[in-house]
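S.K.: Pasting a structure below so you can have a look.
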Amino acid sequence: MFKNIALIPGDGIGPEIVREAKKVLDKISELFGHTFIYEEADMGGVAIDKYGDPLPESELNKCLKADSVLLGAVGGPKWNGVPGNMRPEKGLLRIREAMKVYSNNRPAKIWQQLADASPLKKEIVEKGIDFIIVRELIGGIYFGEHKTESNGSESIATDVLKYSESEIRRIGKIGFETALKRNKKLCSVEKSNVLDSSRLWKKVIHELAKEYPEVELTDMLVDNCAMQIVKDPSQFDVIVTENMFGDILSDEASMITGSIGMIPSSSLGETTKGLYEPIHGSAPDIAGMDIANPIGTILSAAMMLKYSFNMEKEAAAIENAVSKVLDMGYRTADIMPPSGNENYKKVSCSKMGSLITENLAN
Ligand code: NAD
């Protein structure tokens with residue numbers, strides 16, 4: 001297959017981790033007979049320095065023309081002083097809007113080799129944690145009307161939580177499609193005992209379920225879901241939920257896996273074109289030191305292969321290589337257990353990328 005991939009290295013550790021992901025993609029193309037053509041685009045602080053704009057038209061167009069986009073991270077203290085509409089994060093919002101990606105998908109997966117890093121009890125972790133949260137990204141209360149008024153004696157603030165049937169249907173579809181590519185279990189999370197928007201959510205998701213008879217659908221109230229994620233996360237395969245619930249639950253879910261440097265994400269819309277990025281930021285404190293963990297970005301590349309290019313075997317090859325390298329005891333500094341254990345070997349960002357590349361097999 002022939003695919004155009006836009007790479008946005010961005011700021012801080014971004015260029016270091018994206019370089020490693022590209023190394024892995026190059027080896028995948030060689031092993032599986034694909035051609036990946038890359039185009040680099042500037043976004044974030046690097047683009048502010050070059051063009052005075054966190055995402056100029058020329059750079060955005062490179063991304064819109066590509067089959068998919070892989071992003072490192074943007075931002076850093078150097079640009080803290082720039083005006084709000086020129087901040088590096090504006091580039092992120094602009095690209096999400098321009099690509100019309102309304103679904104953010106974050107896997108919560110515990111690598112058994114790193115189980116000690118989870119704050120959960122060993123017996124819970126041992127049951128396995130491997131689920132994905134599909135979060136609606138551009139609707140709901142974050143995008144409803146916000147206002148603060150005074151009634152003469154005090155201030156009253158209002159935030160509107162609004163969803164249309166079509167907005168729910170399109171995110172629901174991504175939830176079902178994601179479940180189809182995994183273990184075919186979808187949990188729809190809402191607050192239908194209280195909120196009208198949640199009752200509409202539930203109704204639309206159940207209508208949609210008729211189109212996906214292979215997927216087992218369950219409903220869960222958001223407060224219960226927050227408890228279940230720490231009590232028995234092994235019960236979940238795919239969770240689909242609205243923007244604010246997803247924001248909170250996905251942070252909870254990333255915490256239980258124990259290591260921010262390991263977690264990938266994807267943002268998808270109507271088409272197969274997606275925006276793939278690790279969930280962490282640009283880590284300015286370790287930028288340029290070749291010690292960052294590139295695995296979150298490498299696994300984001302694997303998600304791109306699976307969800308945008310339908311390359312299931314290739315994605316699995318990357319996940320297997322990551323697992324193998326962890327089995328061999330290689331760790332970047334952030335996932336290195338406390339000193340004194342000779343079973344582990346501390347490696348740099350570039351070495352980790354090379355080890356994963358060398359362990360790829362078709
Ligand atoms: P951060 O995720 O960059 O860093 C938090 C801590 O985790 C730091 O100690 C860092 O060294 C460590 N860390 C993060 N990723 C790591 C990796 N791959 N390997 C090893 N250690 C890693 O969060 P922050 O410090 O709050 O933010 C730094 C900058 O990143 C800010 O400018 C922020 O706005 C930006 N940011 C960007 C994105 C994005 O581009 N999507 C997301 C979050 C934050």
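None of the figures in this text is laboratory data; all of them are computed from the coordinates on show. As the structure is a computational prediction, the values presented were derived from the model and not from experiment. Every residue, glycine among them, receives a Cβ derived from its backbone with ideal geometry; neighbour counts consider all protein chains shown.
S.K.: Taking the stretch 198-252, which trypsin sites (Lys or Arg not before Pro) meet the DSSP loop condition and have no more than 14 other C-beta atoms within 10 Å? Don't jump to the answer; show the numbers that get you there.
M.R.: Numbers: sites: ARG199, LYS202, LYS203, LYS210, LYS231; in loops: LYS210.
Hits after loop and neighbour filter: LYS210.
S.K.: Oh, and also: Using the C-alpha gyration tensor of the stretch 1-58, what are the square roots of 5 times its eigenvalues, in whole angstrom, with the largest one first? Intermediate results must be reported in sequence, preceding the final value.
M.R.: Working: eigenvalues 140, 35, 4 Å².
Square roots of five times the eigenvalues give 26, 13, 5 Å.
S.K.: From the phi angles alone, apply the Karplus equation (6.51, -1.76, 1.60; θ = phi - 60°) to the stretch 247-264 and give each ³J(HN,Hα) in whole Hz, x where the residue is Gly or Pro.
M.R.: Working through the residues one at a time gives 4, 6, 5, 6, 5, 4, 5, 6, 5, 5, 7, x, 9, 4, x, 9, 9, x Hz.
S.K.: Let me ask something else. Picking from ILE168, LEU195, THR158, whose Cα lies most toward the positive end of the charge dipole for the stretch 153-200 (charges on Cβ: Lys, Arg +1; Asp, Glu -1)?
M.R.: Farthest towards the positive end: ILE168.
S.K.: Run through all the Cα pairs of the stretch 35-105 and give the fraction in each 10 Å bin from 0, expressed as whole percent.
M.R.: Taking all Cα pairs of the stretch 35-105, the binned fractions are 20, 52, 25, 3, 0 percent.
S.K.: Next question, about the same structure. Using +1 on the beta carbon of Lys and Arg, -1 on that of Asp and Glu, and nothing else charged, what's the dipole of the stretch 184-244 about the Cα centre, debye to 20?
M.R.: Computed charge dipole of the stretch 184-244: roughly 80 debye.
S.K.: Each residue of the stretch 294-306 in order: what ³J(HN,Hα) in whole Hz does its phi give by Karplus 6.51 cos²θ - 1.76 cosθ + 1.60, θ = phi - 60°, with x for Gly and Pro?
M.R.: Residue by residue, the stretch 294-306 yields x, 5, x, 6, 5, 6, 5, 4, 5, 4, 4, 4, 6 Hz.
S.K.: A follow-up question, please. Taking the Cα centre of the chain as origin, work out the dipole magnitude from +1 charges on Lys and Arg Cβ and -1 charges on Asp and Glu Cβ, in debye rounded to 20.
M.R.: Dipole of the chain, to the nearest 20 debye: 540 debye.
S.K.: Once the piece of chain linking LYS345 and LYS184 is laid out straight, how much longer is it, given 0.36 nm per residue of separation minus the C-alpha distance between them?
M.R.: 54.2 nm
S.K.: So what are the three principal axis dimensions of the chain from its Cα atoms, in whole Å, longest to shortest?
M.R.: For the chain, the Cα extents along the three principal axes come out at 61, 51, 44 Å.
S.K.: Hey, which lysines would be in cross-link range of LYS62, C-alpha to C-alpha under 27 Å, not counting anything within fewer than 8 residues on its own chain?
M.R.: Straight-line reach from LYS62, under 27 Å: LYS3, LYS22, LYS23, LYS27, LYS50, LYS78, LYS90, LYS100, LYS273, LYS306.
S.K.: Could you work out which residue, out of GLY296, GLY144, GLY281, moves most in a Gaussian network model of the chain, that is, has the largest mean-square fluctuation with Cα springs under 10 Å?
M.R.: Answer for the Gaussian network model of the chain: GLY144.
S.K.: Right, something else. Write down Rg/Rh for the stretch 226-308, rounded to two decimals, with Rg from the C-alpha atoms and Rh from the Kirkwood relation over Cα pairs. Mind showing how you got there, number by number?
M.R.: On the way: Rg = 14.3 Å, Rh = 14.4 Å.
Dividing the radius of gyration by the Kirkwood radius yields 1.00.
S.K.: Follow-up question, since we're still on this one. What value does the stretch 182-291 have for Rg/Rh, both radii from Cα atoms and Rh as Kirkwood defines it? Present the calculation step by step, with values, prior to reporting the outcome.
M.R.: Details: Rg = 16.5 Å, Rh = 16.1 Å.
So for the stretch 182-291, dividing Rg by the Kirkwood Rh gives 1.03.
S.K.: So what is the diffusion coefficient of the stretch 33-188 in µm² per second by Stokes-Einstein at 10 °C and 1.306 mPa s, using a Kirkwood Rh over Cα pairs? Walk me through the numbers on the way to the answer.
M.R.: Numbers: Rh = 19.6 Å.
Value of D from the Cα-based Kirkwood radius: 81 µm²/s.
S.K.: Let me ask another. List, in order, the whole-Hz ³J(HN,Hα) value for each residue of the stretch 357-362 obtained from phi through the Karplus relation with A = 6.51, B = -1.76, C = 1.60 and θ = phi - 60°; use x for Gly and Pro.
M.R.: Listing the rounded values in order: 4, 5, 9, 6, 9, 9 Hz.
S.K.: For the stretch 130-240, what D do you get in µm² per second when you plug the Kirkwood radius from alpha-carbon pairs into Stokes-Einstein at 37 °C and 0.692 mPa s?
M.R.: The Stokes-Einstein estimate is 216 µm²/s.
S.K.: Here is a further query. What Kirkwood Rh does the stretch 289-362 have if only Cα atoms enter the pairwise 1/r average? Answer in Å. Write down the numbers at each step before the final one.
M.R.: Values: mean 1/r = 0.0784 Å⁻¹.
Over the stretch 289-362, the inverse of the mean reciprocal pair distance is 12.8 Å.
S.K.: Also: For a quick check of your reading of the filter: which GluC sites (Glu not before Pro) in the stretch 130-231 sit in a DSSP loop and have no more than 11 other Cβ atoms within 10 Å?
M.R.: Of the GluC sites (Glu not before Pro), the ones in loops of the stretch 130-231 whose Cβ has at most 11 other Cβ atoms within 10 Å are GLU145, GLU154, GLU211, GLU214.
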